[in-house]
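Peer 1: Below is one structure. I have some questions about it.
The values are calculated or read from the model by the stated rules, or taken from the named source; none is laboratory data. From a predicted model like this one, the values you see are computed outputs, not experimental measurements. Positions of Cβ are backbone-derived with ideal geometry, glycine not excepted, and every protein chain shown enters the neighbour counts.
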Amino acid sequence: MSFLNNDKNAEGVDSSVYLTLREERRISRENAKIIKKYEREKNKKKVDEKEYLTEMRDPSNVVEIENLHTYFYTDVGVVKSVNGVSFDIPQGKIVGVVGESGCGKSVTSLSIMQLVPGPTGQIVEGSIRYKASDGKCYEITKMPRDRMLKIRGKDIAMIFQEPMTSLNPVFKIGYQMDEVVLLHEEESTPESAKKKSIEMLKQVGIADPEKVYASYPHELSGGMRQRVMIAMALICNPRLIIADEPTTALDVTIQAQILELLREIKEKINGSIMLITHDLGVIAEMADIVVVMYAGRIIEQGTVKEIFHSPKHPYTIGLMKSRPGRHIKEGEKLYSIKGQVPNPINMPDYCYFYNRCDKAMRVCSQGYPDLIKFSPTHYAACYLYNEDGSEKSAEEKERR
Ligand code: SF4
């Protein structure tokens, strides 16, 4: 038996929260059919380039994500990890994606890299347009796997959260770095790859690059390993760097150094960064544009100034209030948002924040709110606002 949802009756038990073995089998049979269809598509070889060539909506963007849906087909139901996400990553900008664990930040980035853990994880709908260094625009969701191999790690690089588990412990740093160069640069030789790796280690501030080149990951400190990861990500001059919580595993002083390094490097290569974090301090310091995600959807988006100085969605307002800072009086408890994110298998068909929202109205339980535009760059999905962006009057809120 498995849990299906969190509803309980007066005794605290509800038979609808369980799935029988038969139901589980039925779900997994149905899922297998769906997964097979998606996998067949992905494994196609010799796909004509025309099928995945596309046009960017705005040529100043590196990536345009539109209505992306990435689901996980589990034996207890479908988890809609990313459920209709749309945002752009402009050239030379840092886009910060923020939200609590499980809100879909990392799955969105894995979708861009075509690294969603399969076969259960599948992109089922939407578009990810990418403008490559060769000037062509590719539709990543339709790209065959073998073609994506040429982009991943070269044009789009990723810095993972935990460098100890991302680096292979049985190979020396030099071997792992050289491999990236040899794989992506056809004219490279083992000697030129070594030279480039050492040069890159020097660029990310490693004092003795030759020694680090010849070391195993376990011989380095956490900060050094993260620098190595950054060097590896940058070695082929990517246009887009996806940094998934790059400083979470590091102590505060090293965090500041790594963020500074990322900023310097972004300037140097005029690249774009998608910075995923749950740390609002990091976002405030680094990002140009902020995307706030909640339960697989974007609930607010704007420039860093708009989000930090005039947040609109009650969830974003709650996040801002829960930051430690000078606004907290001595002895006062830090604000925390009550309640929990709904069960991802049984998402409601109304505002996902309804059960946690202090400002919830009747209308909030009658459908999912549309995005309201407050400025050309600022949007939020909430019933508290009129279509022109003004806040509804107290009477209007009462009526609803
Ligand atoms: Fe709160 Fe309603 Fe806005 Fe949802 S739509 S965040 S429940 S006020």
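Peer 1: Based on what the data block shows, is His313 in contact with a strand residue (DSSP E or B) (Cβ under 9 Å, 6 or more places away or on another chain) and within 16 Å of the ligand (Cβ to nearest atom)?
Peer 2: Yes; evaluated as a whole, the condition is true for this residue.
Peer 1: Every residue in segment 366-400 that is within 22 Å of Val95 (Cα to Cα) and among the aromatic types (Phe, Trp, Tyr), please.
Peer 2: Listed by number, the residues that qualify are Phe374, Tyr379.
Peer 1: Considering Pro324, Pro369, Pro348, Pro342, which residue is more than 15 Å from the ligand (Cβ to nearest atom) and part of a loop (DSSP other than H, G, I, E, B)?
Peer 2: Working: Pro369 fails: more than 15 Å from the ligand (Cβ to nearest atom); Pro348 fails: more than 15 Å from the ligand (Cβ to nearest atom); Pro342 fails: more than 15 Å from the ligand (Cβ to nearest atom).
That would be Pro324, the only listed residue that is more than 15 Å from the ligand (Cβ to nearest atom) and part of a loop (DSSP other than H, G, I, E, B).
Peer 1: Considering only residues of segment 73-106 that are touching an Asp or Glu at 6+ places or on another chain (Cβ under 7 Å) and in a loop (DSSP other than H, G, I, E, B), which is surrounded by the fewest Cβ atoms within 10 Å (Cβ to Cβ)?
Peer 2: Among them, the one singled out is Asp75.
Peer 1: Would you be able to tell me the number of residues in segment 372-386 that are near the ligand (Cβ under 8 Å from one of its atoms), part of a loop (DSSP other than H, G, I, E, B) and touching a residue at least 60 places away in the same chain (Cβ under 8 Å)?
Peer 2: 2
Peer 1: Residue by residue through segment 166-194, note down the ones that are surrounded by 14 or more Cβ atoms within 10 Å (Cβ to Cβ) and of a type in the set (D, E, K, R).
Peer 2: Within segment 166-194, Lys172, Asp178, Glu179, Glu185, Lys194 qualify.
Peer 1: Moving on to the next point. Using the structure shown, decide if Glu260 is free of Cβ contacts under 8 Å to residues at least 24 places away in the same chain and more than 20 Å from Ala193 (Cα to Cα).
Peer 2: Yes, satisfied.
Peer 1: So is Ile265 surrounded by 22 or more Cβ atoms within 10 Å (Cβ to Cβ) and of a type in the set (Val, Ile, Thr) or not?
Peer 2: Against the criterion (surrounded by 22 or more Cβ atoms within 10 Å (Cβ to Cβ) and of a type in the set (Val, Ile, Thr)), Ile265 does not qualify.
Peer 1: Can we say Gly302 is more than 14 Å from the ligand (Cβ to nearest atom) and surrounded by 17 or more Cβ atoms within 10 Å (Cβ to Cβ)? Walk me through how you get there before you give the answer.
Peer 2: Working: more than 14 Å from the ligand (Cβ to nearest atom): yes; surrounded by 17 or more Cβ atoms within 10 Å (Cβ to Cβ): yes.
Here the answer is yes, as Gly302 does meet what is asked.
Peer 1: Follow-up. Given (1) touching a strand residue (DSSP E or B) at 6+ places or on another chain (Cβ under 9 Å); (2) surrounded by 14 or more Cβ atoms within 10 Å (Cβ to Cβ); (3) more than 19 Å from Ala295 (Cβ to Cβ), identify the lone condition not met by Asn386.
Peer 2: Just one mismatch for Asn386, condition (2).
Peer 1: Does segment 318-342 hold any residues that are at pLDDT below 85 and either in contact with a Phe, Trp or Tyr (Cβ under 8 Å, 6 or more places away or on another chain) or charged (D, E, K, R) (or both), and which are they?
Peer 2: Matches in segment 318-342: Arg323, Arg326, Lys329, Glu330, Glu332, Lys333.
Peer 1: Follow-up question, since we're still on this one. Can you confirm whether Asn355 is within 16 Å of the ligand (Cβ to nearest atom) and more than 26 Å from the chain's Cα centre (by Cα)?
Peer 2: Taking the combined requirement at face value, the residue does not satisfy it.
Peer 1: Taking interchain pairs and intrachain pairs at least six residues apart, which have beta carbon atoms under 6 angstrom, with the first residue in segment 353-365 and part of a loop (DSSP other than H, G, I, E, B) and at pLDDT 90 or above and the second near the ligand (Cβ under 8 Å from one of its atoms) and not aliphatic (A, V, I, L, M)?
Peer 2: From residues that are part of a loop (DSSP other than H, G, I, E, B) and at pLDDT 90 or above, the pairs are Phe353/Tyr315; Cys357/Pro314; Lys359/Pro314; Ala360/Tyr354.
Peer 1: Failed condition for Ala233, given (1) buried (at least 18 other Cβ atoms within 10 Å of the Cβ); (2) part of a helix (DSSP H, G or I); (3) out of contact with any helix residue (DSSP H, G or I) (no Cβ under 7 Å at 6 or more places or on another chain); (4) at pLDDT 90 or above, with all others met?
Peer 2: Tallying (1) buried (at least 18 other Cβ atoms within 10 Å of the Cβ); (2) part of a helix (DSSP H, G or I); (3) out of contact with any helix residue (DSSP H, G or I) (no Cβ under 7 Å at 6 or more places or on another chain); (4) at pLDDT 90 or above, Ala233 fails exactly one: (4).
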